[in-house]
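> Would you mind keeping the following structure in view while I ask a few things?
Derivation of every value follows stated rules applied to the coordinates shown; laboratory data play no part. If you're wondering where the values come from, they're calculated on a predicted model, not measured in any experiment. With ideal geometry, Cβ positions are generated from the backbone for all residues, glycine too; neighbour counts draw on all protein chains shown.
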Amino acid sequence: MKQGIKYTGTPSWEELESAPGRPSQQRLEKGPVAFIECVQEIPCNPCEKACPFQAITVASPITNLPRLNEEKCTGCGICIASCPGLAIFKIDLNYSPTTALVEFPYEYYPLPEEGEVVPCANRWGKFVAQGKVLKIKNPRTYDGTSTIAVEIPKAFYLDVRTICRKEDY
Amino acid sequence: MRITKHPILGEDCEIELVTIFVDGKPIQAKKGEPIAAALLAAGIRKFRITPKDKNPRGIFCGIGRCTDCIMTVNGQPNVRTCITPVEEGMIIESQIGLGKWSDKE
Amino acid sequence: MKEIQIAVIGAGPAGLAAAIELAKAQGNVTLFDENTKPGGQLFKQIHKFFGSSEHLAGTRGYNIGKQLLRETEKLGVNVILDAPVYAIYPDKTISYSHQNREQAIKAEKIILATGATENALAFPGSTLPGVMGAGAAQTMINVHRVLPGKKVLMIGSGNVGLIVSYQLLQAGADVVALIEAAPQIGGYGVHAAKIRRAGVPIYISHTIQKVMGKNEVVAAQIVQLDDNRQPIPGSEKILEVDTVCMAVGLSPLTELAWLMGCEFAYIPQLGGHIPKHNHNMETTVSGLYVAGDITGVEEASTAMEEGRLAGIACAQALGLYDQEKAHTLKKEIWNRLNTLRTGPFGKIRKFAKDELLKISREGTA
Ligand SMILES: Cc1cc2nc3c(=O)[nH]c(=O)nc-3n(C[C@H](O)[C@H](O)[C@H](O)COP(=O)(O)OP(=O)(O)OC[C@H]3O[C@@H](n4cnc5c(N)ncnc54)[C@H](O)[C@@H]3O)c2cc1C
Ligand code: SF4
Ligand code: SF4
Ligand code: FES
C-alpha cells in the first residue's frame, strides 16, 4: 500500500523526517520541545501566533509548512491547543532515566484523571504502551481543547500520540 | 440517543421538556427542538412509508430541503419534521403514502 | 411595495461579511436567511478553523459566527430570519415567506450568498432510514445534540467527511470506517490524522455496493476498486453499521441566480454550474452580486473575503465609497484571497477561479 498522509491519513516516517517542524535528535536529548507533525501545505498559521517565544514560523505564503526554531523553543507546550489540525505534540525524551513524557491534544469526553494509567495509542489508534497521566490542562484560552501529558516507557516517544479510543484496541 | 455531555459543547442544560405523541405513544421532547430530533432521541428512525414502492424513509438532509422526513402533524400531512419545532401535546403520525387530512372539511 | 437599498440573501459567513462591509459604508442593508439562526454552515462547525489569524483561524466555527453576528448587530444591520427567499425577479423584487406570510420587497442591489447544498449518491438501500447526508448527521449532533446512530459508515474523504467523522466520535458514536472511491484522501491530512488516531480505518479506492436492512440500516457492503474504478470481485466486505453518512461533495445553490437570468459557467472543480462574475463579484446582471460557496465551493475564510469584496463593490456602485477608497480596499482583499488560494489544495481552486473570471470576462465583453 502507498505510504504518506494522502493515502493512509497518517504521515509516513519520510514525511515526518523531512517536516521542518520536527526537532533534531540532539535537541530532543536536551529537554522538552515541540514536535510539529504538519506535513501538508494548507492555508493555516495559528501556531505561529500562539508561540510566545517566536519559535514557529509560517510566514508568507500562508501555505508554508510551519518551521520550528528548536533553539528558541522552550517546550512550554502552549502551541499544542492552538493547532486546529491537532498536529502539535510536546516531547520530553528524558523525563526520567527510563521514561519519556508525551503531551498531546485531546477533545473527547470523558477526560482521564491525573495519576490514572491509560492505554496509549499511536497514529493509527493502535495500542502501544500503558502510560501514566501526569497533567491535564484545559484553561479557557484553550477553548475546549485539553492537553494531556503522559509518562511512557522511553522507547515509545515517537509512537505514542493519544489515548486508545476504540474499545477493541 | 441524546448527547448530554460533550467535550466541546459542554453539558446540555436545556431541560425544559414537552410531551408529544408519536403514533399514540407519549414521548418527552426538548422544547423548541425539531420533531425529527425528538424522534431520533427516542430511537425512532422510520418516519413514513413511500406512496409507490411502500419503502420506509427517515431523515436525509436534516435542513428542510429533501422532504424525506415528512409526517402527519396535528392532522396535517407532509410536514417536514426536521425543521418543525415540537410543541406541547403535538400529535405526530407516521405517514403512509401521501397521507390523509384527518379533519375532513 | 416596500423598497430597500441593499438585500443580502443568505446569512452565512459570506452574507454576514458583505452586510458588515455595507453597513460600515453607511449602506442600508437587509439580510435574509431561511433559518431561525444566522451563521449558515458555521453553526454546525464546532471545530477550530483553519486559515490565517486575520480570518479568525484557530477559533471554532460557531464562535466565528457569533462574532460576525455581534458585529452586524452593532452596526445595525436589519436581519430577517425564518425567511426563505423563493424568487427574485429582474426588476429586483424579492419574494419571501415570513411568519407564514408571503411578502415582497424591492431592492436597488442584491447580493446572493446562498452557499451550497450536499450532493447525494444512489445505491441499493440508499433510501433506508439511517442513510443520510453528513450534513444532516452534523446538524443533529452539534445543533440538536442527538445521535442519529451508534455505528457509522462515512462515505467520502473530503474535509466534510473527515470532520463530520471526527465530530461523530466526539459526540460518542463509533465510526466503523470511512471509504473513498478515489485513490487518495480528498481533504486535509491533519483532519484525516485525527480520526486515524482514534482508530478509524480509511479505505481509499473503495465504494459502497449496498446497504442492507428491512426497516432501517443494519449493515453495509463495501468493495475495493481497481485503477479503472471497477469493483474487484472477492474484495467485498460487510460492515455492521446502523448509519451510513454521505459526504460526496457540495453543489452551489444557484436557483435564484438562474431565475434572475445570470449567465453561467460549468467549472467542475468548483462544484458545477457557477454564475459568471467579475472581479467585483458582480454577475452578468447589473446590480446582482454573488459571494461565498455559491461562486464555487471553498472555505469560510474565502467566503468572508468574497463577501467583503461584494459589499465594497456594491458600496462603490451606490456611491458610498469613492473610486480610490474602494480600489484600495478591494486590492487588500484580493491580496488576501490570492494567498489563501496557494498550496496544493488552494492552487487548484485558484486556477479554477481564474478560469471562471476569464470566461466571465470574455463572455460579457
Ligand atoms: C463539515 C464542514 C466543515 C468545514 N470546515 C471549514 C474550516 O475548517 N474552515 C473553513 O474556512 N471552512 C470550512 N467549511 C466551509 C465553510 O463552512 C463554507 O465554505 C462557508 O460556510 C460558505 O459560506 P457561505 O456564506 O457562502 O454559505 P453558507 O454558510 O452555506 O450560508 C448560506 C446561507 O444562506 C441560506 N440560504 C440559502 N438559500 C436561501 C434562500 N433562498 N433564502 C434564504 N436563505 C437562504 C442558507 O440557509 C445559509 O444559512 C466547512 C464546511 C463544512 C460543511
Ligand atoms: S512548545 Fe512553547 S516555545 Fe516551543 S514552539 Fe510551542 S509554544 Fe513555542
Ligand atoms: S496550526 Fe497546526 S495545522 Fe496549522 S500550520 Fe500550524 S501546525 Fe499546521
Ligand atoms: S430531512 Fe430533508 S427535509 Fe427533512
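> Pop a pseudo-label 7 angstrom from the Cα along the beta-carbon direction at both C:ASN335 and A:GLU14 and give the gap in nm to one decimal.
Those two pseudo-labels are separated by 3.8 nm.
> Something else: Residues in the range C:141-174 near a label at B:LYS5, defined as backbone nitrogen under 16 Å from the 7 Å Cα→Cβ point?
Taking a point 7 Å out along Cα→Cβ of B:LYS5, the residues of the range C:141-174 whose backbone N falls under 16 Å are C:170-173.
> Based on the alpha-carbon gyration tensor of the range C:121-199 and its eigenvalue square roots a ≥ b ≥ c, which shape applies: rounded if a/c is under 1.5, prolate if not and a/b is larger than b/c, or oblate?
On the way: a/c = 1.78, a/b = 1.12, b/c = 1.59.
Oblate, since a/c reaches 1.5 and b/c is not below a/b.
> Can you list the lysines whose alpha carbon sits under 25 Å from that of C:LYS237, skipping same-chain ones fewer than 8 residues off?
Reachable lysines: A:LYS2, A:LYS6, A:LYS126, A:LYS166, C:LYS150, C:LYS151, C:LYS194, C:LYS210, C:LYS214.
> Report the longest stretch of chain C that contains none of the trypsin sites (Lys or Arg not before Pro) sitting in a DSSP loop with at most 16 other Cβ atoms within 10 Å.
Details: sites that count: C:LYS150, C:LYS214, C:ARG229.
Longest run free of exposed loop sites: C:1-149.
> Moving on. The range A:38-134: which GluC sites (Glu not before Pro) are DSSP loop and have at most 15 other beta-carbon atoms within 10 angstrom?
Numbers: sites: A:GLU41, A:GLU48, A:GLU70, A:GLU71, A:GLU103, A:GLU107, A:GLU113, A:GLU114, A:GLU116; in loops: A:GLU41, A:GLU70, A:GLU71, A:GLU107, A:GLU113, A:GLU114, A:GLU116.
Passing sites in the range A:38-134 are A:GLU71, A:GLU113, A:GLU114, A:GLU116.
> Once both labels are modelled 7 Å past Cα along the beta-carbon direction, what's the A:MET1-A:LYS126 spacing in nm?
In this crude spin-label approximation the distance works out to 1.0 nm.
> Can you tell me the orientation of helix C:13-24 relative to chain C, as the angle in degrees between its alpha-carbon axis and the longest Cα principal axis, to the nearest 10?
For C:13-24 against chain C, the angle is about 20 degrees.
> OK, next. What is the distance in Å between the Cα centres of the range C:31-91 and the range A:77-91?
28
> I'd like the distance separating the alpha-carbon centroids of the range C:143-161 and the range A:25-56, in whole Å.
31
> Could you give me D for the protein assembly as shown, from Stokes-Einstein at 37 °C and 0.692 mPa s, where the hydrodynamic radius is the Kirkwood radius over C-alpha pairs? Units µm² s⁻¹, please. Before the final figure, lay out the partial values.
Values: Rh = 25.9 Å.
This corresponds to a translational diffusion coefficient of 127 µm²/s.
> Another question about this same structure. Within the set of other residues whose C-beta is less than 9 Å from the C-beta of A:LYS135, count the net charge using Lys and Arg as +1 and Asp and Glu as -1. Write out the running numbers ahead of the final one.
Working: positive: A:LYS137; negative: A:GLU103, A:GLU114.
Every neighbour counted, the sum reads -1.
> How many angstrom separate the Cα center of the range C:339-360 from the Cα center of the range C:93-127?
27
> I'd like to compare C:296-305, C:180-189: which one has the highest average count of other Cβ atoms within 10 Å, and what's the full order after that?
On the way: C:296-305: 25.8, C:180-189: 20.2.
Answer by packing, highest mean first, reads C:296-305, C:180-189.
> Quick one: order C:VAL290, A:VAL128 by neighbouring beta-carbon count within 10 Å, fewest to most. The partial results should precede the final answer.
Working: C:VAL290 31, A:VAL128 21.
Ranked by crowding around the Cβ, least crowded first: A:VAL128, C:VAL290.
> Mind checking the mean number of beta-carbon atoms from other chains within 10 Å of the Cβ atoms in A:101-108?
Numbers: counts 0, 0, 0, 1, 1, 1, 11, 9.
Mean shielding count: 3.
> Here's something else I'd like to know. From the alpha carbon gyration tensor of the range C:72-184, can you work out the equivalent ellipsoid semi-axes (sqrt of 5 times each eigenvalue) and give them in Å, largest to smallest? Kindly include the intermediate steps, with their values, before the conclusion.
On the way: eigenvalues 269, 61, 44 Å².
The three semi-axes for the range C:72-184 are 37, 17, 15 Å.
> Now, a different point. Sort C:TRP334, A:TRP13, A:TRP124 so that the residue with the fewest other Cβ atoms within 10 Å of its own Cβ comes first and the one with the most comes last. Numbers along the way, then the final one.
Values: C:TRP334 13, A:TRP13 9, A:TRP124 18.
Fewest-to-most ranking of C:TRP334, A:TRP13, A:TRP124: A:TRP13, C:TRP334, A:TRP124.
> Need one value for C:51-63: mean number of C-beta atoms belonging to other chains within 10 Å of its residues' C-beta atoms. Please report the intermediate quantities before stating the final value.
Values: counts 7, 10, 8, 2, 4, 1, 9, 12, 3, 6, 0, 2, 2.
Taking all residues of C:51-63 together, the mean is 5.
> Could you pull out the longest piece of chain B with no exposed loop trypsin sites (Lys or Arg not before Pro) in it, calling a site exposed if DSSP puts it outside H, G, I, E, B and it has at most 13 other Cβ atoms within 10 Å?
Numbers: sites that count: B:LYS31, B:LYS52, B:LYS54, B:LYS100, B:LYS104.
With trypsin sites (Lys or Arg not before Pro) excluded where exposed in loops, chain B gives B:55-99 as its longest stretch.
> If you line up the long axis of helix C:300-317 against the longest principal axis of chain C, both from Cα atoms, how many degrees apart are they, to the nearest 10?
20
> Then there is this: Just to verify a number: FRET efficiency for C:SER235 and C:ASN100, C-beta to C-beta distance, R0 = 56 Å, to 0.05?
Once rounded, the FRET efficiency stands at 0.55.
> Something else: Quick check on the exposure proxy: order C:HIS273, C:HIS191, C:HIS279, C:HIS206 from fewest to most C-beta atoms within 10 angstrom.
With the fewest neighbours first, C:HIS273, C:HIS191, C:HIS279, C:HIS206 line up as C:HIS279, C:HIS273, C:HIS206, C:HIS191.
> Still on this structure, I have one more. Per-residue Cβ counts within 10 Å, from other chains only, averaged over A:42-53: what number is that? Walk me through the intermediate numbers first.
Working: counts 12, 16, 12, 8, 10, 2, 2, 4, 2, 0, 0, 0.
So the per-residue partner count for this stretch is 6.
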